[in-house]
Amino acid sequence: RTTIARIYADPQAFADHDVTVAGWTRSVRDMKNFGFVTLNDGSCFKDLQVVMNVGEVGNYAEVAACGTGSALLVSGVVALTPDRPQPFELKATSITVLGESAPDYPMQKKRATREFLRTHQHLRSRTNLFRAVFRVRSVAAFAIHRFFQERGFVYVTTPIITASDAEGAGEMFRVTTLDVDNPPRTESGEVDWSQDFFGKATNLTVSGQLQAENFAMSFGDVYTFGPTFRAENSNTRRHAAEFWMIEPEMAFCDLEGDMEVAEAMLKYVIREVVDSCPDEMEMFNKFVDKGLRERLEHVASSDFARVTYTEAVSILEEAQAAGHAFEYPVSWGIDLQTEHERYLTEEHFRRPTFVTDYPREIKAFYMRANDDGRTVAAVDCLVPGIGEIIGGSQREERLELLQARIEELGMDPEQYRYYLDLRRYGTCEHAGFGLGFERLVMYLTGIDNIRDVLPHPRTVGNADF
Ligand code: 4AD
Ligand code: MG
């Protein structure tokens, strides 16, 4: 058996050869004495055109009666067709119907809406659009690994279940084996977490950063790539409860070095996807976002913009004064909202933009304090169409300052003892960032909803399958 991708890779080599392929019908057309089947096996974006003749295919009537989505095993001869749109077709000698698709197959419609397809997560990867999205997802994931591996980074996996809140935002999913209807209680009436499985309260991780830092202090350059969970009650196009994050962490590296790696990584992945998924890119370009490929090509070959938070706020305030209506008014100290991020990257800079040095009060406890006393060495990377896709920082490597910050925020120092140890034993300048993988896939495909780049999305109110 061969795949459709292998034939497309070198049709000449297959010309006049017998081959057998297995796949699912996308259409079956019966012209009485002969018929056409378009078959896709998932090996590539393109379909295989199968021609069958009544005289040659014994069970012609059975095949002709198959609906869209049926599984077939087809044997035949590859015939080059230089004057047709497709470069070759398969002249069937025998066809086995492996699994017929029932007449109520929901993926029949040529142009089902993405909202409709979202209610059929188990079938939607059979459509052109979703096959394209999920192949790009796979190619992008591998490109990220290759980027870091080529640069000598060590891949580290970090725990999914954890007792610490890496971001200090309290947006965690509790993990417990206690009887939730009737949990054990302490004398004061609170839930007694010491009787839980781990002897303490635990959660699904919101970030692998803290553990990645441990490994950066031994390997120098490391990265994680794994699932993360946030119980943010944000029902938006760019928030999921379960998403994948890539978190590089680099010893002897400052914020400048952090941005260099982030920019090089994004350009590398864009190049890889544009070069190795031409059919998928063409499909996005045609049906999702007309300027996509050109824009990505441009991004891969030009510099990102860089601006401090304070400068960014001035730009937004000027826009506000000139009459641009933001839903959330802008002033120094606010956390930038999606509308502000998009204004900066879409209207002002018109390219990916790094915003650095955010106010201390709106950022996580581990970020390095700047000398001005009111900002930290943070960086977000914003891209047109989405806003933030990367959040990172230089870490506070000074023991006293970090300890003081943890106490100031009312966090439990005992919980962060290991983290503080890194500042006791050979501390050094270090930095890292987190790339939201789904937001990257949105950027690469032009798809504007995170639910459509996750194979089986989990968002507020939705955890099917
Ligand atoms: O900015 P965040 O919260 O940063 C961190 O978690 C740091 N510990 C990263 C680090 O420095 N190692 O999240 C990083 C990125 C965001 O920029 C965004 O792309 C993505 O993760 N992200 C989400 N993606 C989808 N759904 C959500 N609910 C997300 N929350 C964050
Ligand atoms: Mg962030």
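We did not get these values from a lab; they are worked out from the coordinates using the rules stated. Quick caveat: nothing in here was measured; it's all calculated off a predicted structure. Please note: Cβ atoms are built from the backbone with ideal geometry, for glycine as well, and neighbour counts cover all protein chains shown.
From the mean inverse distance of alpha carbon pairs (Kirkwood) and the Cα radius of gyration, derive Rg over Rh for the chain. Let's see the in-between values first.
Values: Rg = 26.8 Å, Rh = 25.3 Å.
Taking Rg over the Kirkwood Rh, I get 1.06.
How would you classify the stretch 96-204 from its alpha-carbon gyration tensor, with a ≥ b ≥ c the square roots of the eigenvalues: rounded for a/c under 1.5, else prolate if a/b is greater than b/c, otherwise oblate?
On the way: a/c = 3.20, a/b = 1.61, b/c = 1.99.
Because a/c hits 1.5 or more and a/b fails to exceed b/c, the stretch 96-204 counts as oblate.
Amide H to amide H under 5 Å from Gly434: which residues, 5+ apart in sequence or cross-chain, H placed 1.01 Å off N in plane?
Residues meeting the amide H criterion: Gly391, Gly392.
From the alpha carbon gyration tensor of the stretch 184-313, can you work out the equivalent ellipsoid semi-axes (sqrt of 5 times each eigenvalue) and give them in Å, largest to smallest?
Numbers: eigenvalues 297, 98, 52 Å².
Three semi-axes, in Å: 39, 22, 16.
Do any chymotrypsin sites (Phe, Trp or Tyr not before Pro) in the stretch 151-251 lie in a DSSP loop with no more than 15 other beta carbon atoms within 10 Å, and if so, which?
Numbers: sites: Phe153, Tyr155, Phe173, Trp193, Phe197, Phe198, Phe215, Phe219, Tyr223, Phe225, Phe229, Phe243, Trp244; in loops: Phe153, Phe173, Phe197, Phe198.
In loop regions of the stretch 151-251 (DSSP not H, G, I, E or B), the sparsely surrounded chymotrypsin sites (Phe, Trp or Tyr not before Pro) are Phe173, Phe197, Phe198.
How would you classify the stretch 4-99 from its alpha-carbon gyration tensor, with a ≥ b ≥ c the square roots of the eigenvalues: rounded for a/c under 1.5, else prolate if a/b is greater than b/c, otherwise oblate?
Values: a/c = 1.68, a/b = 1.36, b/c = 1.24.
It comes out prolate by the Cα gyration axes.
Note down the nm distance, to one decimal, between modelled labels 7 Å out along Cα→Cβ at Glu56 and at Asp192.
Each label point lies 7 Å from its Cα, and together they span 7.8 nm.
Of the beta bridges DSSP finds with both residues in the chain, what % are antiparallel, to the nearest 5?
Values: 67 of 75 bridges.
Here the share of antiparallel DSSP bridges comes out near 90 percent.
Full extension from Tyr155 to Glu347: what is 0.36 nm times the residue separation minus their Cα-Cα distance, to one decimal in nm?
Working: separation 192, 0.36 × 192 = 69.12 nm, distance 3.71 nm.
Full-extension gain reported as 65.4 nm.
Could you list which residues have their amide H under 5 Å from that of Met172, counting only those 5 or more apart in sequence or on another chain, with H placed in the peptide plane?
For Met172, whose amide H was placed from the backbone, the distant partners under 5 Å are Ala231.
Lys/Arg Cβ at +1, Asp/Glu Cβ at -1, dipole of the chain taken about the Cα centre: which of Thr445, Cys253, Val21 is farthest positive-ward?
So the residue we want is Val21.
State, in angstrom, two size descriptors of the stretch 311-397 derived from its alpha carbons: Rg to one decimal place and Dmax to the nearest whole number.
Radius of gyration, then largest Cα-Cα span, for the stretch 311-397: 13.0, 43 Å.
Would you mind checking the stretch 365-393 for residues with the amide N under 14 Å from a putative spin-label position 7 Å along Cα→C-beta of Tyr328?
387-388
How about the stretch 172-241: which trypsin sites (Lys or Arg not before Pro) there are in a DSSP loop, with at most 11 other Cβ atoms within 10 Å of their Cβ?
Details: sites: Arg174, Arg185, Lys200, Arg230, Arg237, Arg238; in loops: Lys200, Arg230, Arg237, Arg238.
Sparse-neighbourhood loop trypsin sites (Lys or Arg not before Pro): Lys200.
Of the peptides 318-324, 144-150, how do they stack up when ordered by the mean number of other Cβ atoms within 10 Å, highest first? Don't jump to the answer; show the numbers that get you there.
On the way: 318-324: 11.7, 144-150: 15.9.
Highest mean packing first, the order is 144-150, 318-324.
In the stretch 372-433, which trypsin sites (Lys or Arg not before Pro) fall in coil by DSSP and have 11 or fewer other Cβ atoms within 10 Å? Mind showing how you got there, number by number?
Working: sites: Arg374, Arg395, Arg398, Arg405, Arg417, Arg423, Arg424; in loops: Arg374, Arg398, Arg423, Arg424.
Passing sites in the stretch 372-433 are Arg424.
Could you work out Rg/(2.2 N^0.38 Å) for the stretch 393-465, with Rg from alpha carbons only? All intermediate terms of the calculation are to be shown ahead of the outcome.
Values: Rg = 19.0 Å, N = 73, 2.2 N^0.38 = 11.2 Å.
With N residues counted in the stretch 393-465, Rg over 2.2 N^0.38 Å equals 1.69.
Taking the Cα atoms only, what angle lies between the long axis of helix 399-408 and the longest principal axis of the chain, rounded to 10 degrees?
90
Per DSSP helix of 4 or more residues, -39500 (n - 2.57); summed, then divided by the residues of the chain. What does that give at 222 nm, rounded to the nearest 500?
After summing the helix terms and dividing by residue count, I get -8500 deg cm²/dmol.
Which angle between 0 and 90 degrees, to the nearest 10, do you get for helix 255-276 versus the longest principal axis of the chain when only C-alpha atoms count?
Its long axis makes an angle of about 0 degrees.
Give the percent of DSSP beta bridges with both residues in the stretch 205-355 that are antiparallel, rounded to the nearest 5. Show your work: numbers first, answer last.
Details: 9 of 12 bridges.
So the antiparallel bridges in the stretch 205-355 amount to around 75 percent.
Got a sec? Charge dipole of the chain, +1 on Cβ for Lys and Arg, -1 for Asp and Glu; which of Leu336, Leu80, Phe130 is way out at the positive end?
Leu80
Let's see if you can work this out: charge +1 on each Lys and Arg Cβ, -1 on each Asp and Glu Cβ, no other charges. What is the dipole magnitude of the chain about its Cα centre, in debye to the nearest 20? Intermediate results must be reported in sequence, preceding the final value.
On the way: 49 positive and 71 negative charges, 418 e Å.
Here the size comes out at about 2000 debye.
Taking N as the number of residues in the stretch 202-242, what value does Rg over Cα atoms divided by 2.2 N^0.38 Å take? Write down the numbers at each step before the final one.
Working: Rg = 13.2 Å, N = 41, 2.2 N^0.38 = 9.0 Å.
The stretch 202-242 yields a ratio of 1.46.
Along the Cα-to-C-beta direction of Asp275, a point sits 7 Å from the Cα; which residues of the stretch 115-145 have their amide N less than 18 Å from that point?
Residues 136-145 fall inside that zone.
Quote the charge dipole size of the stretch 4-99 about the Cα centre in Debye, to the nearest 20; the model charges only the Cβ of Lys and Arg (+1) and of Asp and Glu (-1).
Details: 7 positive and 10 negative charges, 44 e Å.
It works out to roughly 200 debye.
Over the chain, how many pairs of lysines fall under 28 Å by alpha carbon, counting only those 8 or more apart in sequence or from different chains?
So the count of such lysine pairs works out to 20.
Show me 27-33, 409-415 ranked by packing, highest mean number of other Cβ atoms within 10 Å first. Don't jump to the answer; show the numbers that get you there.
On the way: 27-33: 12.4, 409-415: 10.6.
With the highest mean Cβ count within 10 Å placed first, the list reads 27-33, 409-415.
Considering the options Ser164, Thr177, Val139, tell which one lies farthest towards the positive end of the dipole of the stretch 85-178, charges being +1 on Lys and Arg and -1 on Asp and Glu at the Cβ, about the Cα centre.
Val139
With a point put 7 Å past each Cα toward its Cβ, work out how far Ala9 is from Leu123 in nm, to one decimal.
Result for the modelled spin labels: 3.2 nm.
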